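S.K.: This is the structure I want to talk about, given as C-alpha cells.
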Amino acid sequence: RNSQILTIPPTGSISTMLGISGGIEPMFNTSYIRKTESLHDEDVFYKVELGGSCTDSISWKLNIDNSELVLSGSGEMPDFAADKEAPWKGLNSFITTITISEDITSIGAYALCGCSIQGITIPNGVTEIGRCAFFDCSSLEQICVPDSVNTIEDDVFALCESLKAIEISDVVVNRIGA
C-alpha cells in the first residue's frame with residue numbers, strides 16, 4: 001500500500017498533505033511548490049507557504065524578504081505556552097518586524113516571545129496584552145502601547161534587556177502586571 005506513494009524532498013510530506021507547516025521547510029521564499037509523485041501517474045502538487053491560521057479568524061504569514069510577521073484577521077489571539085506554541089515559534093529569530101491588524105483585539109500569552117524585533121507599535125484595536133507576550137525579545141528597544149489597551153498581564157517585557165522606552169498613554173489601565 002505505502003509503496004504506491006513516492007515523495008520528493010524537501011521533507012515534511014505528511015504535514016503538507018494535512019495542510020500544516022512541519023517547521024523544516026526551506027527558508028528561501030515565502031512559499032514553494034512540493035510535488036508528490038505516484039507510481040500510477042497521479043502526481044499531486046502542493047503549495048507550501050510560511051504561514052497559516054492562528055485561529056478561525058486570525059492568520060499569519062512570514063515575509064522572508066523583510067523578515068516581517070504579518071498577523072491579519074480579527075478577534076482575540078489565543079494564549080500560547082510551552083505545550084501550545086505559537087505556530088510561528090520556530091521562526092522567531094528571523095522575525096524583525098511585526099504588523100498586527102487593527103481588528104485583532106488581544107496579543108496572546110507568549111505570542112511574540114523571542115522575536116528579534118527592535119520596536120513595535122501595537123494597533124489601536126488591541127485591548128489586552130497577555131502574559132509574557134514579548135518575553136525574551138532581547139533586541140526590543142521601544143514599544144508604543146495605544147489608549148485602547150486596558151490590561152497588561154504579568155512579565156510582558158521580562159528579559160527584554162534592550163528595552164529603553166515604553167510609550168503608554170495617560171488613559172487608566174485596569175491592570176498592569178508585575
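S.K.: Kindly indicate the residue of region 50-93 that is touching a residue at least 40 places away in the same chain (Cβ under 8 Å) and touching a Phe, Trp or Tyr at 6+ places or on another chain (Cβ under 9 Å) and also nearest to Phe157 (Cα to Cα) among those meeting that condition.
M.R.: Asp79
S.K.: Tell me, please, whether a residue that is surrounded by 15 or more Cβ atoms within 10 Å (Cβ to Cβ) and closer than 27 Å to Asn63 by Cβ can be found in region 148-155.
M.R.: Yes: one or more hits.
S.K.: Continuing with this model, one more query. Just name the residue that is nearest to Gln118 (Cα to Cα) out of those in region 69-86 that are within 10 Å of the chain's Cα centre (by Cα) and open to solvent by 30 Å² or more (accessible area, probe 1.4 Å).
M.R.: Filtering region 69-86 for residues that are within 10 Å of the chain's Cα centre (by Cα) and open to solvent by 30 Å² or more (accessible area, probe 1.4 Å), the one nearest to Gln118 (Cα to Cα) comes out as Val70.
S.K.: What tally of residues in region 156-178 results from selecting those that are part of a loop (DSSP other than H, G, I, E, B), of a type outside the set (Phe, Trp, Tyr) and either open to solvent by 40 Å² or more (accessible area, probe 1.4 Å) or touching an Asp or Glu at 6+ places or on another chain (Cβ under 8 Å) (or both)?
M.R.: Step one: filter region 156-178 for residues part of a loop (DSSP other than H, G, I, E, B), giving 156-164, 169-174, 177-178.
Remaining after also requiring of a type outside the set (Phe, Trp, Tyr): 156, 158-164, 169-174, 177-178.
Restricting the remaining residues to those that are either open to solvent by 40 Å² or more (accessible area, probe 1.4 Å) or touching an Asp or Glu at 6+ places or on another chain (Cβ under 8 Å) (or both) gives 158-164, 169-172, 174, 177-178.
Qualifying residue count, region 156-178: 14.
S.K.: Scan region 122-137 residue by residue and report those that are in a loop (DSSP other than H, G, I, E, B), surrounded by 14 or more Cβ atoms within 10 Å (Cβ to Cβ) and without any contact (Cβ under 8 Å) to a residue 40 or more places away in the chain. If you could, list the steps in order and put the result at the bottom.
M.R.: At the first step, the residues of region 122-137 found to be in a loop (DSSP other than H, G, I, E, B) are 122-127, 130-137.
Narrowing further to those that are surrounded by 14 or more Cβ atoms within 10 Å (Cβ to Cβ): 122-123, 125-127, 130-137.
Once the filter is applied, which keeps residues that are in a loop (DSSP other than H, G, I, E, B), surrounded by 14 or more Cβ atoms within 10 Å (Cβ to Cβ) and without any contact (Cβ under 8 Å) to a residue 40 or more places away in the chain, region 122-137 yields Ile122, Pro123, Gly125, Val126, Thr127, Cys132, Ala133, Phe134, Phe135, Asp136, Cys137.
S.K.: Can you tell me which residue in region 87-108 is farthest from Cys144 (Cα to Cα), limited to those that are open to solvent by less than 10 Å² (accessible area, probe 1.4 Å) and part of a loop (DSSP other than H, G, I, E, B)?
M.R.: Among those residues, the one meeting the criterion is Trp88.
S.K.: Here's something else I'd like to know. Is region 55-72 home to any residue that is at pLDDT 95 or above, touching a Gly at 6+ places or on another chain (Cβ under 6 Å), within 26 Å of Glu167 (Cβ to Cβ) and part of a loop (DSSP other than H, G, I, E, B)?
M.R.: No, that holds for no residue.
Residue-by-condition table, conditions (1) out of contact with any Ser or Thr (no Cβ under 8 Å at 6 or more places or on another chain); (2) of a type in the set (A, V, I, L, M, F, W, C); (3) farther than 16 Å from Cys54 by Cβ:
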position: Gly75; (1), (2), (3): no, no, no
position: Ile95; (1), (2), (3): no, yes, no
position: Ile107; (1), (2), (3): yes, yes, no
position: Gly130; (1), (2), (3): no, no, no
position: Phe134; (1), (2), (3): yes, yes, yes
position: Cys137; (1), (2), (3): no, yes, yes
position: Asp147; (1), (2), (3): no, no, yes
position: Ile152; (1), (2), (3): yes, yes, yes
position: Leu163; (1), (2), (3): yes, yes, yes
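The values are calculated or read from the model by the stated rules, or taken from the named source; none is laboratory data. In this text, all values refer to a predicted model and were calculated from it rather than measured experimentally. Cβ coordinates were reconstructed from backbone atoms using ideal geometry, including for glycine residues, and neighbour counts include every protein chain displayed. Note: accessible area is taken over every heavy atom of the protein model, side chains too, but ligands, DNA and RNA are not part of it. Shrake-Rupley method; radii C 1.70, N 1.55, O 1.52, S 1.80 Å.
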